[in-house]
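The values are calculated or read from the model by the stated rules, or taken from the named source; none is laboratory data. Bear in mind the structure is a predicted one, so any value in this text is a computation, not a measurement. Every residue, glycine as well, gets a Cβ built from its backbone with ideal geometry; the counts of neighbours run over all protein chains shown. Note: areas computed on protein heavy atoms with side chains; ligands, DNA, RNA excluded. Shrake-Rupley method; radii C 1.70, N 1.55, O 1.52, S 1.80 Å.
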Amino acid sequence: MSNPLSMSRASETQRRRVKNVLCVSASLWLVITTAAAGTWRVPQGDVSVKCPMTIGGSFDAKTKTLSGSLTTNATHQPAFDGSLAVDLRSLDTGIGLRNDHMKEKYLEVDKGAGYDKAVLSDIEVKGLNADAPDGKGSFTGSLMLHGVKKTVSGPAEVRKAGAGLRVKASFPVNLPDYNIAEPRYLGVGVKNTVQVEVTFTATP
């Protein structure tokens, strides 16, 4: 005759084994999913907007207030979820009056959300491995600026920097596409298309 106590102990041992297997499987799944996600954080960066003038020459509007995070899209590589944002209030051209005109009259940063920041999202890279990017390629993304979202694209270069990645990218922005008035002052102004250059280090 079978011993009921022995059967109970055997059944309990089996349940524990199954539970342990499930816990290990869940842990492995979490590790694999997290690794595949490939989240990169950007605490700051260098942004330079080159503004060609109608009379010749140019000036740069610069800031370091770039931040955000990007996560590799596991189902749509080489795309990234997340976004990068620039505080437009921090842009500096080196001349106070020009700064005021740019931010208040043209960028209209005082309107708040959609105007005080430029946000790049829906980023997709080409010619680079999204999980381990290294080299030269190109990118496309959606730029929200002055309350308008448009697609932008340009060259991108990614290099390893310790445990992180050093990224350089650039793209043109056509001001009328974002309903930004032609910047003019005393007959002198900025041409309709400006060039944005971005450099940052992304850390895992």
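Can you work out which of the residues in segment 168-189 that are assigned to a strand (DSSP E or B) and modelled with pLDDT under 95 is surrounded by the most Cβ atoms within 10 Å (Cβ to Cβ)? Before you say what the answer is, go through the steps one by one.
So the first thing to find is which residues in segment 168-189 are assigned to a strand (DSSP E or B), and the list is 168-174, 184-185, 188-189.
Next cut, modelled with pLDDT under 95 only: 184-185, 188-189.
Numbers: R184: 13, Y185: 11, V188: 10, G189: 15.
Step by step, filter segment 168-189, then rank; the result is G189.
Considering the conditions (1) open to solvent by less than 50 Å² (accessible area, probe 1.4 Å); (2) under 17 Å from D60 (Cα atoms), D116 is excluded by exactly one of them, (2). Within segment 91-113, being out of contact with any His (no Cβ under 9 Å at 6 or more places or on another chain), crowded, with 17+ Cβ neighbours inside 10 Å and within 30 Å of T71 (Cα to Cα) holds for L91, V109.
Is there a residue in segment 143-164 that is under 18 Å from V42 (Cβ atoms) and in contact (Cβ under 8 Å) with a residue 60 or more places away in the chain? Yes: one or more hits. Candidates G127, G135, G94: the one that is more than 16 Å from the chain's Cα centre (by Cα) and without any contact (Cβ under 8 Å) to a residue 12 or more places away in the chain is G127. Residues in segment 138-184 that are among the basic types (K, R) and more than 18 Å from the chain's Cα centre (by Cα): R184 alone. When segment 127-167 is filtered for residues that are assigned to a loop (DSSP other than H, G, I, E, B) and open to solvent by less than 40 Å² (accessible area, probe 1.4 Å), the ones remaining, listed by number, are L128, A130, P133, H146.
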